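The values are calculated or read from the model by the stated rules, or taken from the named source; none is laboratory data. The structure displayed is predicted, hence computed values, not measured ones. Here Cβ is always computed from backbone atoms with ideal geometry, including for glycine, and neighbour counts include all displayed protein chains. Side chains included, ligands, DNA and RNA excluded: accessible areas come from the protein's heavy atoms. Shrake-Rupley method; radii C 1.70, N 1.55, O 1.52, S 1.80 Å.
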Amino acid sequence: MAIEASKIELSLGPVYFNWSPQKLEDFYDRIANEAPIARVHIGEIVCGKRSPLNAGALARSAERLRQAGKTVVWSGLIAPVNKRERGMIRDLIATGDEIEVNEMGGMIHLKGQPFTAGPFLNLYNENALALMARLGCTRWCARVELPLNSIRTMARALPTLGTELFGFGRLPLAHSGRCYHARQHGLTKDSCQYVCDRDPDGASIETLDGEPLLAYNGVQTLSHSLQVCSMNAKALSEAGVCALRLSPHDIDMVAVAEAFRDHLDGKLDSEAFVSRLVGNLPGWPISNGYLSGRAGREWVAI
Amino acid sequence: MRSNPDLVERLKDFEGARIMIAPRSWPLVFLITLRIRCGSIEVLSAETAASADVRVEAPISVLWTIFEGLEDGDTAFFSSDLTIEGEVASLLALRNAIDAAGLNWTALVPVPVPRTFARLIDRLRAEPRQARHA
Amino acid sequence: MLELVSPAGTPASLKAAVQAGADTVYCGLRDETNARNFPGLNFSATELAEGVDFAHRHGSRVLLAINTFARAGAGIAWRSAVDIAAQYGADAIVVADIAVLDYAAQTYPEMRLHLSVQAAAGTPEAIEFYASRFGVRRVVLPRTLSIPEIRTLKNEVAVEIEVFAFGGLCVMIEGKCDLSSFVTGRSPNLSGVCSPAECVTYSKDGNERSARLSGLTIQREQTGKPVGYPTICKGKFRDGNSVGHVFEDPVSLNTVELLPDLIDAGVTALKIEGRQRGKAYVEQVTREFRTAIDAVTSGTGTCDHAGLKSLAEGHRSTTGAFRKSWR
């Protein structure tokens, strides 16, 4: 069933970065009041060490977003490393709120209630997705390295599931047991002094030829380039996609969401949409190679 | 390669690949061309302009240990005894194919080994391997 | 007793491993169903059958690695890999994809299932999910846990624990790493290759030599300095005004001095990494670890293992995440 073209939703992914509680609240305040975004994923998913610092701000933000009519989804940690962190997803599930699972351990706390399968689970084919659906999954966000053809095959095999595509932001490429912010500051993860708070979009690194390639964000490694999905609403719905996920950065995310909304509503064609977006992000390269089954860092005309 | 079907199966994607083996500070090099029907090994001068997809350079003693299957190329490569230039895929395929067939590279040399060359081989074999890595 | 699990990239390596004292060997078919889909490597179905027969005649076991994630709409290759394992009597299969696990558990309820490191199951809850839903009997732990954490985990799960003991060290959690596909378009999770040979070129500029991956220079060293594989996680990058190995130096994992602690933590099996290495590597590492394990279990103390050093990337080794300070 092709989703009615104009109904392609915009959703917001969880903040990957170590923003201060105040910065988080101000950010979500603007999203709640101004952004044409229907669904907001919220929660610390990169490093559990940050959660005692930002839990309060995230809870208050969630309430404000609900009052503004947004659907709020709590996202779980990508790789919990101790008893406290492993308990976080269990407690989130117990609240009865909408949940996004990013680590298979979260599955044992679910008793059939609906959940979203996050892009960090290894769901690469229709049979794996069907199994998750049998366990209560009602929505999934595709792994970033999945080509569009695979996403189409999977979405078509499970038409009742909501299919989200990573539409904007630095690509989350890898996760480690080691913290790279700590390592680059001569520290270790256990004594990290939260230095990842210095880089609100991650710290970029260049190849030996001076070309920016990646960015590290604590235990997470991201692309330097911003993924931009410039497919129009018709192409997205033909591929079975019902929503584009925008990943938050320390930029005017409301303007980004408005550009995407205008493009999806047909007010902007793809070229105009891309140049408007790139216009407010001077010097920040964009890529979309994964969607065409190519290297993620490439830009391929779609 | 005709004589060994397993080699053919493992190398069929590298038909025509040209691999140059250059013993360090030797006056000559070996150019291996992979072909299903009649692959060839040419002995050329070190200054040859002949092109290759990949060129491997290492002291003859290192090459010999690898040829005899006593060391896998990666070890020599890590210690940088062995340097590579060009695309490594065909070299890797050849190493894996020879390894798989339980051969060693000397089986590749169809000609009877000249006496002087044989003496060199014996001397290389006698050289303790660990000493070389110290 | 600690089980020694050695890699077999080719039939010759399988024989070498078994004869050098491996209790178990693991191998893959010559296609994208396993994570070492390298040129000229791996086994045909008949070679697997011969390998299983050889190993069993020498009292060793064979595991078939089916540890990539089945491509959407093309799961048949992974299902037939499971069928081949069953047909030719592999002692267990090492799997990461829940779809492949589900197929194996439904179709061959007797087949022993091991969970690959590519499944990234590093918590008791994740392991419980795989054990209760698919009957997984053993888990290869992601490289994120220290030895005390492994000891704690062992008491909370009912499956055997296998850990990597020597060889290539992934610093990113396997199964959650898309660095290779970002640069080269080829993914270890999908087509079983990380920084594939087809995308690697080496060059010499003066007395420096460089390695490029899909055209990006990720290694440049003075000739003569030890190097490692040209993977992004071991690459050199510019971070601000400093240049260095941001993620990890070119090193290999070596836990030979930690054997007593690993046994004490309840580890069942030690896995040697390196199906892409040659037969000589497999033989030497298997022999060194066989000697070390026997020495530790019989209490005759450990012996010097200098030989292992030369096999390591960059001629240096590390105990990785087994010691917390690595993080």
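What to note about this one:
- Principal axis extents of the C-alpha atoms in chain C (largest first, rounded to whole Å): 59, 53, 39.
- Top of A:265, A:199, A:209 by mean-square fluctuation, Gaussian network on chain A, Cα under 10 Å: A:209
- Spread over its residues, the convex hull of the C-alpha atoms of segment C:234-286 is 127 Å³ per residue.
- The spacing between segment A:79-109 and segment B:49-78, judged by their C-alpha centroids, is 52 Å.
- In Å², nearest 10: area of residue A:275 left accessible to a 1.4 Å probe: 70 Å²
- Taking amide H positions as modeled 1.01 Å from N, with prolines and chain starts lacking one, the residues under 5 Å from residue A:169 and 5 or more places away or on another chain are A:227, A:247.
- Cross-link reach list, aspartates and glutamates versus residue A:234, counting only Cα pairs under 20 Å and skipping chain neighbours closer than eight places: A:4, A:9, A:164, A:258, A:262, A:265, A:269, A:271
- Residue among C:243, C:82, C:52 with the largest mean-square fluctuation in a Gaussian network model of chain C, springs linking Cα atoms under 10 Å: C:243
- log₁₀ of I(q)/I(0) at q = 0.17, 0.20, 0.29 Å⁻¹ - segment C:179-244, Debye sum with one point per alpha carbon: -0.61, -0.80, -1.28
- Chain A - percent relative contact order, Cα under 8 Å, separation 6 or more: 21 percent
- Segment A:153-184 and segment C:58-104 have Cα centres spaced 26 Å apart.
- About the Cα centre, charge dipole magnitude for the protein assembly as shown (Lys/Arg +1, Asp/Glu -1 at Cβ), debye: 520 debye
- Cβ-placed point charges (K, R +1; D, E -1), dipole of segment C:179-244 about Cα centre in debye, nearest 20: 60 debye
- Relative contact order for chain C, counting Cα pairs under 8 Å that sit 6 or more residues apart, in percent: 21 percent
- Structure remark: mean-square fluctuation, Gaussian network model of chain C, C-alpha springs under 10 Å; the largest value among C:311, C:216, C:113 belongs to C:216.
- Segment C:130-157 and segment A:200-277 have their alpha-carbon centroids 37 Å apart.
- Taking segment C:60-198 and dividing mean pair separation by its residue count, relative contact order in percent (alpha carbons under 8 Å, at least six apart): 20 percent
- Beta bridges per DSSP, both residues in the protein assembly as shown: antiparallel share near 45 percent.
- Debye-formula intensities of the protein assembly as shown, expressed as log10 I(q)/I(0) at q = 0.10 Å⁻¹, are -1.02 (one equal scatterer per alpha-carbon, no solvent).
- Positive dipole terminus of the protein assembly as shown, leading residue within C:284, C:211, A:146 (C-beta point charges): C:284
- Burial of 40 Å² or greater, segment C:163-201 residues [accessible area, probe 1.4 Å, versus chain by itself]: C:172, C:173, C:176, C:178, C:179, C:182, C:190, C:197
- Around the Cα centre of chain C, unit charges on the Cβ atoms of Lys, Arg, Asp and Glu (plus for the first two, minus for the last two) sum to a dipole of about 720 debye.
- Measuring between alpha carbons in the structure, the pairs from A:49/C:234; C:234/C:271; A:23/C:236; A:111/C:324 lying more than 23 angstrom apart are A:49/C:234; A:23/C:236; A:111/C:324.
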